Amino acid sequence: MAEVTTSCFSRVALLILYILHQSCVSESTLIFNVLSFGAKPNGVIDSTQAFLDVWTAACASSDSTTIRVPKGRYLLRNAMVFKGDNCKSTDITFRIDGTLIASSDYQILGQASNWLSFEGVTGVSIIGGALDAKGTALWACKLAGSTDCPSGGATSLSFTNSKNININGLMSLNSQMFHIVINGCQDVRIQGVKVSAAGNSPNTDGIHVQLSRNVAIFNTSIKTGDDCVSIGPGTKNLWIEQITCGPGHGISIGSLAKDLEEEGVQNVTVKNAIFKGTQNGLRIKSWARPSNGFVEGVQFLDVLMFNVQNPIVIDQNYCPHSINCPAQVSGVKISDVVYQNIQGTSASAVAIKFDCSATNPCSGIRLENVSLTFRNQKVQSHCANANGKIVGTAQANSCL
């Protein structure tokens, strides 16, 4: 009897071991450490080639792969492109415990479009870590009006023509220009990201999305010198929730009408947002020129404003600094835009500005429970070519 029991137990034990083994095999993850490829965590020796080599190794495997970046500072001196053309793996995770730093010489990256660029990749995740692009010297050069500084600058992190992308817990510091760009992508999730740059840093948009669909941005804090989130043509199904913005220029759809042939913006939701001392709050902007672009199906929900210069704006005569303005009429059609539960304080008396196209008036604008004050007084509103209605309370002298 004892032999039967032992035999049964042995078979059960072997079965459990087999199941565990099969589980490990089916869910195996290869781990590559950048240190093994020659990366140096001292912030002095260039690790560019090591990061490119570890990417090549990860792409050569069809297994799920993790690229480990241990604690330390890694100098990535040159612009880098991680291409998905020959990638066998559709599950590559960069797990970053350190900081990736650019050269302090802004001329090195100043002529590049991007610092870290992912092109045509599938299933890439970036977890944790920090990017320090050392952009302050380039900003200072531009702000001083020097002719010696590059006219552009590099975006810190860019994804182009990619899908199933996850960015979680990343910090982006002092980008030369845009911090994070999502261009031509689908199924992207950005969560727990922090962006930090000076309030006067030029063209340092926090997150820019264009020509992309099914993008979600959650629990993000952005402090920068331009738009916290900018939304370009061809953006569809964008969800932004629990975002804090300031300093910065707010959350902007546009600028649009840069081109005659331009894809529209559809189904954008901004929910549970906080704006602190920003130049704008919720903005839609287009140049005053012909375009077949459009904006439709936008919801701004549950938003708090603290001393925001222009809390609610539609500007279809957008022309920053009033230089080389097209002085035509915007062809962009704006419709079905909802502002619901917008509360807080404005830094100007006119807190709601709807300056719409004369040939394509805004339609379906809905203000619901909008309560904004300026120095404890009701705010004013200004409308041109805007049609819509007010529902519930509206702490403004509405012009709709």
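The values are calculated or read from the model by the stated rules, or taken from the named source; none is laboratory data. Just so it is clear, the model here is predicted, and its values are computed rather than measured. Glycine also receives a Cβ, built like all others from the backbone with ideal geometry; neighbour counts cover every protein chain displayed. Surface accessibility is based on the protein's heavy atoms, side chains included, excluding ligands, DNA and RNA. Shrake-Rupley method; radii C 1.70, N 1.55, O 1.52, S 1.80 Å.
Summary table
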item	result
Neighbourhood net charge (13 Å Cβ-Cβ; Lys/Arg +1, Asp/Glu -1) for Val188	+3
Surface per residue (accessible, 1.4 Å probe) for the chain, Å²	44 Å²
Long-range amide H partners of Asn317 with built H, under 5 Å	Ser286
Computed FRET value (nearest 0.05) for Ser61 with Ala216, which takes r as the C-beta separation and R₀ as 45 Å	0.95
Of (1) 1.06; (2) 1.01; (3) 1.15, the label for Cα Rg over 2.2 N^0.38 Å derived from the coordinates	(3)
Estimated distance in nm for a label pair at Asp105 and Asn86, the labels positioned 7 Å out from Cα along Cα-to-Cβ	3.0 nm
Furthest towards positive pole of dipole, Ser322, Asn168, Gly297, structure part the chain, Cβ charges	Ser322
Apportionment of accessible area to carbon and sulfur, the chain, percent (1.4 Å)	49 percent
Counted charge near Gln49, where neighbours are those whose Cβ lies closer than 13 Å (Asp, Glu -1; Lys, Arg +1)	0
Segment Gln377-Asn292, extension gain: residue separation times 0.36 nm, minus the distance between their alpha carbons	26.6 nm
Note, ³J(HN,Hα) from phi for region 158-173, Karplus 6.51, -1.76, 1.60, rounded to Hz, x at Gly and Pro	10, 10, 10, 6, 10, 8, 6, 10, 9, 10, 9, x, 7, 10, 10, 10
Estimated FRET transfer efficiency when R0 is 25 angstrom, pair Ser113-Ala140 (beta carbons, to 0.05)	0.70
Mean Cβ neighbour count within 10 Å, used as a protection proxy, ranking 111-120, 79-88 highest first	111-120, 79-88
Burial order of peptide ranges 316-324, 287-295 (average beta-carbon count within 10 Å, highest first)	287-295, 316-324
For the chain, calculated [θ]222 nm from helices alone, where every DSSP H run of n ≥ 4 adds -39500 (n - 2.57)	-4000 deg cm²/dmol
Where a label projected 7 Å from the Cα of Ala384 along Cα→Cβ would reach, residues of region 210-252 with amide N under 17 Å	none
Probe 1.4 Å - accessible area at Thr373, Å² to nearest ten	40 Å²
Subset of Lys258/Lys378; Lys194/Lys333; Lys333/Lys353; Lys71/Lys163; Lys333/Lys389; Lys223/Lys271 violating a 24 Å alpha-carbon distance limit	Lys258/Lys378; Lys194/Lys333; Lys71/Lys163
Per-pair calculated FRET efficiency, R0 = 25 Å: Asn369 and Ala349 via Cβ, rounded to 0.05	0.75
Top of Leu30, Leu304, Leu75 by mean-square fluctuation, Gaussian network on the chain, Cα under 10 Å	Leu30
Gained length - Lys71 relative to Asn33, 0.36 nm times residue gap less alpha-carbon distance	12.5 nm
